[in-house]
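J.: Let me give you the structure first, and then I'll get to my questions.
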Amino acid sequence: PTAHCPLPTAQMTHDWKAIDAAVRVEPGEKSKLKERDTVCDHLFADRDAAEEALKDCAKAINDLQDRLWAERSRSLLVVLQGIDTSGKDGTVRGVFNQCGPLGVSVTAFGKPTEEELAHDYLWRVHAAVPKKGMIGVFNRSHYEDVLVVKVRGLAPSETIEQRYAQINAFEKHLSENGVVILKFMLHISKDEQRERLQERLDRPEKNWKFNAGDLEDRKLWEEYQSAYETLLDRCSTAHAPWRVIPADKKWRRNAMIAAIVHGTLADMAPTYPRVSWKPTDFTVV
Ligand code: ADP
């Protein structure tokens, strides 16, 4: 960074590397999803402090994105995965709310269209990868192709089996071409999901979010957990490791993700391009 533009960093009241280490799935190791806590109240123990940290990080993420855009050579891809009600939308709102729409693109991946199904499953995903200078957020992603597709048997098992290596190769290709990848699984307990689904029935302003299909997926809870465990075991790589975020508490989830996004951007240290002239060379009349 140039001297007059010090890198903006949030007030580091938290140790983001320690938080990151606690939630990262180390490449080559088993994720042991069942043993991972959905609360983790030792990380960001204090709610007020977490909310302050979130605010600071969200602002700093915006400042850093401005530099990323000025630099125009790299991008950041944030993948959000999680079972229904795990808080993917809430994370987008909570963490990127300081970023203007020019700097962040959010793509939600729903059931593939006929056109999308006529291509390979990574086609629509590759097209949505953020261009240089942007932060891109995926609300669901290519991982649905080894989750819902697996659990619901929408493709032959041999086809699905090949996808883990294909996904790793795809993400390696992206990372070698300037895309930094952060993958977050929002990990909630089955009890917490029951409460959140019930809330959608109980509160009129949340009724619209209720989808009877979610109850069908809830019946397949174990199958989904097992499909998640497999992808965490097989697709956490050095170039794109997974983080399993304890997501039963929304404020802690947001604070942790913001801390890791901010820490990653700060490590990327995007810089404003140097100019070949001096501001005093010119006079604005
Ligand atoms: P959300 O539940 O994320 O708020 P939607 O109600 O549009 O949004 O749900 C998206 C649905 O699309 C989910 O049920 C998800 O499983 C499904 N979906 C996403 N990707 C695929 C895919 N590749 N194949 C089949 N279904 C998919």
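The values are calculated or read from the model by the stated rules, or taken from the named source; none is laboratory data. What you are looking at is a predicted structure, and each value in this text was computed from that prediction instead of being measured. FYI the Cβ positions are ideal-geometry reconstructions off the backbone, even for glycines, and counts take in every protein chain you see.
J.: Does the range 24-76 hold any residues that are β-branched (V, I, T) and part of a loop (DSSP other than H, G, I, E, B), and which are they? Break it down into steps so the answer makes sense when it comes.
T.: In the first step, residues of the range 24-76 are kept if they are β-branched (V, I, T); the result is 25, 38-39, 61.
Of everything in the range 24-76, those that are β-branched (V, I, T) and part of a loop (DSSP other than H, G, I, E, B) turn out to be V25, T38, V39.
J.: Something else: Can you list the helices (runs of 4 or more DSSP H) found entirely within the range 211-285 that contain at least 1 residues being aromatic (F, W, Y) and crowded, with 22+ Cβ neighbours inside 10 Å?
T.: On the way: elements: 212-219, 221-235, 250-268.
Of the helices (runs of 4 or more DSSP H) lying wholly inside the range 211-285, those with at least 1 residues that are aromatic (F, W, Y) and crowded, with 22+ Cβ neighbours inside 10 Å span 221-235.
J.: Look through the range 126-142, keep the residues that are of a type in the set (A, V, I, L, M, F, W, C) and touching a residue at least 40 places away in the same chain (Cβ under 8 Å), and return whichever of them is nearest to the ligand (Cβ to nearest atom). Don't jump to the end; show me each part of the working.
T.: Within the range 126-142, the first condition is being of a type in the set (A, V, I, L, M, F, W, C), and the residues that meet it are 127-129, 134-135, 137-138.
From what is left, the residues that are touching a residue at least 40 places away in the same chain (Cβ under 8 Å) are 129, 134-135, 137-138.
Details: V129: 16, M134: 21, I135: 19, V137: 13, F138: 11 Å.
Restricting to residues being of a type in the set (A, V, I, L, M, F, W, C) and touching a residue at least 40 places away in the same chain (Cβ under 8 Å), the top hit is F138.
J.: Here's another thing I want to ask about it. If you take the residues of the range 108-124 that are among the aliphatic types (A, V, I, L, M), without any contact (Cβ under 8 Å) to a residue 40 or more places away in the chain and within 11 Å of the ligand (Cβ to nearest atom), which of them is nearest to Y164 (Cα to Cα)? Walk me through how you get there before you give the answer.
T.: Looking only at the range 108-124, we keep the residues that are among the aliphatic types (A, V, I, L, M), and these are 108, 117-118, 122.
Of the ones still in play, those that are also without any contact (Cβ under 8 Å) to a residue 40 or more places away in the chain are 108, 117-118.
Narrowing further to those that are within 11 Å of the ligand (Cβ to nearest atom): 108, 117.
On the way: A108: 21, L117: 19 Å.
Out of the qualifying residues, it is L117.
J.: Also: Can you confirm whether S86 is of a type in the set (S, T, Y), within 11 Å of the ligand (Cβ to nearest atom) and assigned to a loop (DSSP other than H, G, I, E, B)? Steps first, please.
T.: Working: of a type in the set (S, T, Y): yes; within 11 Å of the ligand (Cβ to nearest atom): yes; assigned to a loop (DSSP other than H, G, I, E, B): yes.
Spelling it out, S86 is indeed of a type in the set (S, T, Y), within 11 Å of the ligand (Cβ to nearest atom) and assigned to a loop (DSSP other than H, G, I, E, B).
J.: For the list (1) of a type in the set (D, E); (2) more than 19 Å from L76 (Cβ to Cβ); (3) away from the ligand (no atom under 16 Å from the Cβ); (4) surrounded by 16 or more Cβ atoms within 10 Å (Cβ to Cβ), I need the number of the one condition that D145 fails.
T.: Only one criterion is unmet by D145, namely (3).
J.: Same structure, new question: Do you know which residues across the range 204-216 are within 29 Å of I135 (Cβ to Cβ) and within 12 Å of the ligand (Cβ to nearest atom)? Steps first, please.
T.: Looking only at the range 204-216, we keep the residues that are within 29 Å of I135 (Cβ to Cβ), and these are 206, 208-209, 211, 214.
Hits for the range 204-216 are W208, K209, N211, D214.
J.: Hey, another quick one. Please go through the range 183-203 and give me each residue that is basic (K, R) and away from the ligand (no atom under 16 Å from the Cβ), ordered by number. Give the steps one after another, and end with the answer.
T.: Filtering the range 183-203 down to residues basic (K, R) leaves 183, 190, 194, 196, 200, 203.
Listed by number, the residues that qualify are K190, R194, R203.
J.: A further question on this structure: Suppose we keep only residues that are surrounded by fewer than 20 Cβ atoms within 10 Å (Cβ to Cβ) and either modelled with pLDDT under 95 or within 15 Å of the ligand (Cβ to nearest atom) (or both) within the range 165-182. Which one would you say is farthest from the chain's Cα centre (by Cα)?
T.: It comes out as Q166.
J.: Given the conditions (1) away from the ligand (no atom under 16 Å from the Cβ); (2) of a type in the set (G, A, S); (3) assigned to a helix (DSSP H, G or I), and given that S105 satisfies all but one, which numbered condition is not satisfied?
T.: Among (1) away from the ligand (no atom under 16 Å from the Cβ); (2) of a type in the set (G, A, S); (3) assigned to a helix (DSSP H, G or I), S105 violates only (3).
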